[in-house]
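Heads up, the thing below is written out as structure tokens.
Each value in this text was obtained by applying a stated rule to the coordinates, not by laboratory testing. As the structure is a computational prediction, the values presented were derived from the model and not from experiment. Here the Cβ positions follow ideal geometry from the backbone for every residue, glycine too, while neighbour counts run over all protein chains shown.
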Amino acid sequence: MVNRYRLSEEFARLAAINSPPLHEHAIARYLVGRLETLGAEVLFDNAAEATGGEVGNLVARFAGQIKSAEPLLFSVHMDTVEPGGQVRPVLRDGVFFSAGDTVLGADDKAGVAELIEALEVLREQQVPHGPLEVVITIAEEIGLVGAKHLDYTLLKSKRGYALDTEGIGWMVLQAPGANHLQIDIEGVASHAGMAPELGLSAIHTAALAISRMRLGRIDHETTANIGRIEGGVARNIVPQSVKVVGEARSHDADKLQEQGISIEVLDPRTLVPLDKQTIIDSVKKTGKLVIMSEEPKTGSAAGEISAVITEEAFDYLDAPPVVIGSRNWITPAFEMEEHFFPQPEWIIDAIHQKIMPLEGHHSIMDFSYEKTIKLNIEGV
Ligand SMILES: [Zn+2]
């Protein structure tokens, strides 16, 4: 069915067209011609104005023969990461590589080529189908910028597939939520040779902060990264300001959301004074309280908060507050951290076991009274 030669030629042609984010004019022109030849009506939305890019998102429509069928959408993106420039795709043993001085840009040109080949096959073999909508976005690689500005009024489809992932024969149904971090650090500028003691280096402060962050894979569903640092003006000036940009991703809050549970997260900064009213107001809304702290549970501030809230907001609680703390143990070496410090799964397990059963949830931790007694006997 699929013409492998045609597919590989298509990919090579696409890859050879330079298309960094917001500079997609050349690739867009090629795609318009290609899709029109395949019988599409092609137009662009207004994303170019909003993003400052050369072109907007491309929307192509194929009427199809089965007019009553539900329209179906396929989406890919036309930009690639850099360094692009003159990409020379090299086919070696059936696998495409770049010549070595640029990216290959298979993300997402492979998706574009697959889609075009599928459309070729539909036309060539006269496969009857319903209306198809194709969206080829711009500037995906710099934060889904095109997709964020897509004019959705141009679309009718309720369902769609994005051809933009690794691997063959599988689908990604959801992606983790990402929290973007931007930390601006302000120091005091000074001449580094004449008066370094009058300065306060923002770069040094940033380095200290970053060295204390947990980065990389935090657990099986949480990752964190610092991706960019900018700052300083000259070799001999104590840098005044630094911008640190990063992200943290996790499926964890989604997991609770999926269960139909929304949580209010409070982060009290001090125990004395404790902002009791905020916690009590929250308990009035939810009727439940989970307190988590990195210190060992016994004799902890978290235990103190539990006692205070039980005393002052007993009538609003529909379950006893749950305290999740570290093990009662001397802080172990970092390899043991996930057994010692409370982990995101502990919270979900504790909610499941002590507040409300979560459908389909399988616990890793045991928060039962019996287990707690057993751990206490063991001194943990
Ligand atoms: Zn991609």
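Express the C-alpha Rg of the chain as a ratio against the empirical globular expectation 2.2 N^0.38 Å, rounded to two decimals. So the chain has a normalised radius of gyration of 1.32.
Relative to the longest principal axis of the Cα atoms of the chain, the long axis of helix 369-378 lies at roughly 70 degrees. Each Lys and Arg Cβ is given +1 and each Asp and Glu Cβ -1; about its Cα centre, the chain then shows a dipole of about 440 debye.
Residue separation times 0.36 nm, minus the C-alpha to C-alpha distance between residue 165 and residue 281: what's the value?
Separation in residues times 0.36 nm, less the Cα-Cα distance, equals 37.3 nm.
How much FRET efficiency would the formula 1/(1 + (r/R0)^6) give for residue 274 and residue 331, where r is the Cβ-Cβ distance and R0 is 30 Å, rounded to 0.05? According to the calculation, E is roughly 0.75. In this structure, the amide hydrogen of residue 290, modeled 1.01 Å from its nitrogen in the peptide plane, lies closer than 5 angstrom to those of 322, counting only residues at least 5 positions away or on a different chain.
Spin-label pair residue 247-residue 8: with each label point 7 Å from Cα along the Cα-Cβ axis, the two points sit 3.4 nm from one another. Each peptide in 106-118, 27-39, 149-161 gets a packing score, the mean of other Cβ atoms within 10 Å over its residues, and the list from highest to lowest is 106-118, 27-39, 149-161.
The residue 36 and residue 374 beta-carbon pair, evaluated with R₀ = 51 Å, returns a calculated FRET efficiency of approximately 0.10. Dipole magnitude for segment 143-236: about 320 debye, using +1 per Lys or Arg Cβ and -1 per Asp or Glu Cβ, origin at the Cα centre.
FRET efficiency for the pair residue 208 and residue 124, taken as 1/(1 + (r/R0)^6) with r the Cβ-Cβ distance and R0 = 56 Å, rounds to 0.35. Listed by chain and number, the aspartates and glutamates whose C-alpha is less than 13 Å from the C-alpha of residue 284, apart from same-chain residues fewer than 8 away, are 264, 312, 315, 318.
The angle between the Cα long axis of helix 4-15 and the longest principal axis of the Cα atoms of the chain comes to about 70 degrees, rounded to the nearest 10. Note on residue 218 and residue 82: the model spin-label points, each 7 Å out from Cα along the C-beta direction, lie 3.1 nm apart. Compared with the dominant Cα axis of the chain, that is its longest principal axis, helix 276-286 is turned about 60°.
In the chain, helices alone account for a calculated mean residue ellipticity at 222 nm of -8500 deg cm²/dmol, with every DSSP H run of four or more residues adding -39,500 (n - 2.57). A cut-off under 9 angstrom between Cβ atoms defines the neighbours of residue 73, and their net charge, with Lys, Arg +1 and Asp, Glu -1, is +2. Taking other residues whose beta carbon is less than 11 angstrom from the beta carbon of residue 223, and scoring Lys, Arg as +1 and Asp, Glu as -1, yields 0. For the residue pairs 297/371; 109/158; 109/148; 109/243, the alpha carbons lie more than 23 Å apart in 109/158; 109/243.
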